[in-house]
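Okay, structure first, notes after.
What follows draws every value from the coordinates through simple rules; no lab data is involved. Please read these numbers as outputs of a predicted model, since none were measured by experiment. FYI the Cβ positions are ideal-geometry reconstructions off the backbone, even for glycines, and counts take in every protein chain you see.
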Amino acid sequence: MSGVLPFFVFEGIDGAGKSTQVALLAEALEARGHEVTRVRDPGGTPLSDRIRGLLLDPESPVASSTELCLYAAARAQLVHEVVRPALDAGRIVISDRFTWSTRAYQGAGRGLSLEAIDAVAAVACGDLRPAHVFVLDLDPAAREARMTARAGAARDRLERESGAFFARVREGFLEQAAARPHEGTVLDAALPPGELHARVLRKVLDLLAAA
């Protein structure tokens, strides 16, 4: 991982268990003496959190192009205010989502141009790239079952999308992983959380050791 910043990202469709794996990895690395910053995208700063609220509000109609720009704006602020300063300070950064989500959701899901998405990402993130991306792969039918099991939890605007939409998004993640085998690892999100964590931690420790 020589020359690559210690920045790790979890991706996947809603309900795949990303936040659980972010927490487990952060706790394991902190127990080994590392300083860790956890972030979620969108969010993580006052401005980014306000944009997140707009994006996920089920009562807010959002055009696909607007959605792309709002995600990029929230991410740009997160990178500027949190991610780059943490990396510059020698901390490990673990993110719940980053640019692969935009290519999957707004690209594969909404049908926006990948060239336009990448151009917007270049403005928002500059040359920042994760050291590794972990894609938690979940079948949309299993996702629906998990979401239904969340008794009393209201679904946000994106969580209310159709199974066909999430099938396209899932394929978008898998296509990125297939095209960039050295940048990402696909993991079966149906596995027990502890088993997933063990695989993630092994990969992260190997990358850190090679830095």
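Write out the GluC sites (Glu not before Pro) in segment 31-83 meeting two conditions: DSSP loop, and at most 14 other Cβ atoms within 10 Å of their Cβ.
Hits after loop and neighbour filter: Glu35, Glu59.
Using DSSP to define loop residues, name the trypsin sites (Lys or Arg not before Pro) in segment 24-73 whose beta-carbon has at most 15 other beta-carbon atoms within 10 Å.
Arg32
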To the nearest 20 debye, the chain has a Cα-centred charge dipole, built from +1 on Lys and Arg Cβ and -1 on Asp and Glu Cβ, of 160
At q = 0.09, 0.11, 0.16 Å⁻¹, work out log10 I(q)/I(0) for the chain with the Debye formula, treating every Cα as an identical point scatterer and leaving solvent out; two decimals please. -0.33, -0.50, -1.12
Specify the inter-centroid distance of segment 112-166 and segment 47-78, based on alpha-carbon positions, in whole Å. 13
Taking the dipole about the Cα centre of segment 7-210, with the C-beta of Lys and Arg at +1 and of Asp and Glu at -1, give me whichever of Ser48, Ala167, Val36 is farthest to the positive side. Val36
Name the most mobile residue of Asp139, Asp41, Asp88, meaning the one with the largest mean-square fluctuation, in a Gaussian network model of the chain with Cα contacts below 10 Å. Asp88
List the relative contact order of the chain as a percent without decimals, with contacts defined as Cα pairs under 8 Å and 6+ residues apart. 34
Only helices counted: for the chain, with every DSSP H run of 4 or more residues adding -39500 (n - 2.57) and the sum spread over all residues, [θ] at 222 nm is -15500 deg cm²/dmol
